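Since the structure comes first, as structure tokens, the remarks are kept for the end.
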Amino acid sequence: MQLIRGMHNIKPEHRACVATIGNFDGVHLGHRAILETLRKKAQKLGVRLCVITFEPQPREFFQGNRAPARVTNLREKLILLEEAGVDQVLCLPFTERLQCLTPDSFVMKVLVDGLDVRFLIVGDDFRYGLNRAGNYAHLKAMGELHGFEVCDTRTVVMDTDRISSTRIRERLAQDDLSGAEALLGRPFTIIGRVVPGQKLGRQLGFPTANIRVNRKSLPVKGVFAVRAHINGAYYNGVANLGTRPTVNTEKPLLEVHLLDYQSDLYGQMLRVEFIEKIRSEKKFQSLDELKAAIAADIEVARTILTA
């Protein structure tokens with residue numbers, strides 16, 4: 001899959017495609033239904049499948065730190081889109097300049113002159129351009145004028161519940177990991193490269209793989225039973241996601257202790273699946289208390305993961 005960062009990086013080989021536009025936060029079952037429809041259309045037309053997305057997400061641009069926590073960061077989203085069969089992603093920097101484009105200018109610069117889109121799927125509530133003046137009816141009219149077809153997405157529901165990133169965030173906020181998994185079509189997952197840490201876990205007898213989460217806010221926090229995917233194999237583990245109040249850190253970090261695993265993980269890419277929450281983060285009065293709590297967490301995780 002090719003990542004196109006900004007319209008100025010669109011090359012001739014990126015043109016002529018079917019496309020969709022959105023945040024695709026989580027790449028959940030609803031998103032994948034859209035991508036499957038697009039994949040079939042791309043095969044029929046003999047063109048590429050393109051996802052158009054934004055960085056930062058529009059709500060982050062307008063709301064700043066008040067924007068909702070992401071289900072996936074950009075790297076995770078790109079990995080999941082590639083696994084879903086996407087050929088290319090156009091990632092547009094969401095700036096003052098972009099949000100000030102008129103609806104006509106957005107369509108011409110991005111869809112017509114930029115990507116030469118042949119078929120487009122968007123939600124019937126999709127809004128774009130200056131003052132969000134562009135809507136589905138405008139896209140349909142522009143498509144008829146410039147030779148591309150526009151279709152709306154069909155809402156995907158599960159047990160009368162609309163599948164959406166908002167619903168998934170709500171489930172995660174309630175520590176309902178199995179509910180979020182049902183909507184995602186996979187466990188809630190964090191993907192990242194292992195970086196050096198303070199080696200506190202090793203000093204306590206529980207070495208951890210440390211992953212920077214690259215999120216302004218976290219959709220979940222606490223101690224969890226997890227499974228980690230490493231080089232084609234899965235390993236059970238226990239993980240802390242948060243700011244580690246006992247050692248007074250500020251930046252969120254994912255620390256993963258793999259059960260019965262000894263090898264060095266520095267520099268490796270880990271895919272950590274969250275299975276069940278064990279407890280919330282807690283500030284302990286001493287490292288001995290923290291060590292005892294980690295040992296207890298490990299036993300709980302073993303029980304959960306071998307059930």
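Could you list all residues from the stretch 256-283 that are in a loop (DSSP other than H, G, I, E, B) and either surrounded by 16 or more Cβ atoms within 10 Å (Cβ to Cβ) or in contact with a Gly (Cβ under 8 Å, 6 or more places away or on another chain) (or both)?
Residues of the stretch 256-283 that are in a loop (DSSP other than H, G, I, E, B), as a first pass: 259-268, 280-283.
Selection gives Leu259, Tyr261, Leu265, Ser280, Glu281.
Looking at the stretch 102-132 only, could you name the residues that are of a type in the set (A, V, I, L, M, F, W, C), at pLDDT 95 or above and over 23 Å from the mean Cα position of the chain (by Cα)? Outline the logic, then answer.
Within the stretch 102-132, the subset of a type in the set (A, V, I, L, M, F, W, C) is 106-108, 110-112, 115, 117, 119-122, 126, 130.
Okay, now just the ones that are also at pLDDT 95 or above, so 106-108, 110-112, 115, 117, 119-121.
Answer for the stretch 102-132, where residues must be of a type in the set (A, V, I, L, M, F, W, C), at pLDDT 95 or above and over 23 Å from the mean Cα position of the chain (by Cα): Phe106, Val107, Met108, Val110, Leu111, Val112, Leu115, Val117, Phe119.
With respect to Thr37, is the statement that it is under 19 Å from the mean Cα position of the chain (by Cα) and buried (at least 17 other Cβ atoms within 10 Å of the Cβ) true?
Working: under 19 Å from the mean Cα position of the chain (by Cα): no; buried (at least 17 other Cβ atoms within 10 Å of the Cβ): yes.
Judged against the criteria, Thr37 is not a match.
What are the residue pairs meeting all of these: first residue in the stretch 157-180, first residue in the same structural domain as Ala69 (by TED's automatic domain parsing) and closer than 16 Å to Val27 by Cα, second residue of a type in the set (S, T, N, Q) and at pLDDT 90 or above, Cβ atoms under 9 Å, and 6 or more apart or on different chains?
Matching pairs, first to second residue: none at all.
Please give the number of the condition Thr155 fails out of (1) modelled with pLDDT of 95 or more; (2) out of contact with any helix residue (DSSP H, G or I) (no Cβ under 7 Å at 6 or more places or on another chain).
Unmet for Thr155, out of (1) modelled with pLDDT of 95 or more; (2) out of contact with any helix residue (DSSP H, G or I) (no Cβ under 7 Å at 6 or more places or on another chain): (1).
When you scan the stretch 110-145, how many residues do you find that are touching a residue at least 24 places away in the same chain (Cβ under 8 Å), touching an Asp or Glu at 6+ places or on another chain (Cβ under 9 Å) and assigned to a helix (DSSP H, G or I)?
Total meeting the criteria: 2.
Among the listed residues Glu76, Glu60, Glu96, identify the single one that is of a type in the set (Asp, Glu), modelled with pLDDT of 95 or more and either under 22 Å from Ala141 (Cα atoms) or outside the structural domain of Gly192 (by TED's automatic domain parsing) (or both). Full working, then the answer.
Details: Glu60 fails: modelled with pLDDT of 95 or more; Glu96 fails: modelled with pLDDT of 95 or more.
Among Glu76, Glu60, Glu96, only Glu76 is of a type in the set (Asp, Glu), modelled with pLDDT of 95 or more and either under 22 Å from Ala141 (Cα atoms) or outside the structural domain of Gly192 (by TED's automatic domain parsing) (or both).
Consider the stretch 53-106. How many of its residues are out of contact with any Cys (no Cβ under 8 Å at 6 or more places or on another chain) and among the β-branched types (Val, Ile, Thr)? Talk me through it step by step, then tell me what you get.
Taking the stretch 53-106 first, the residues out of contact with any Cys (no Cβ under 8 Å at 6 or more places or on another chain) are 56-73, 75-85, 91-106.
From what's left, among the β-branched types (Val, Ile, Thr): 71-72, 79, 95, 102.
Number of matching residues: 5.
Check whether at least one residue in the stretch 81-89 is modelled with pLDDT of 95 or more and in contact with a Gly (Cβ under 8 Å, 6 or more places away or on another chain), and report yes or no. Break it down into steps so the answer makes sense when it comes.
Initially, the stretch 81-89 is screened for residues modelled with pLDDT of 95 or more, giving 81-89.
If we keep only those that are in contact with a Gly (Cβ under 8 Å, 6 or more places away or on another chain) as well, we get none.
Within the stretch 81-89 (the criterion being modelled with pLDDT of 95 or more and in contact with a Gly (Cβ under 8 Å, 6 or more places away or on another chain)), the answer is no, since none of the residues qualifies.
The values are calculated or read from the model by the stated rules, or taken from the named source; none is laboratory data. What you see is a predicted model, and the numbers here were worked out from it, not measured in a lab. Virtual Cβ from ideal backbone geometry, glycine too; neighbours counted across all protein chains shown.
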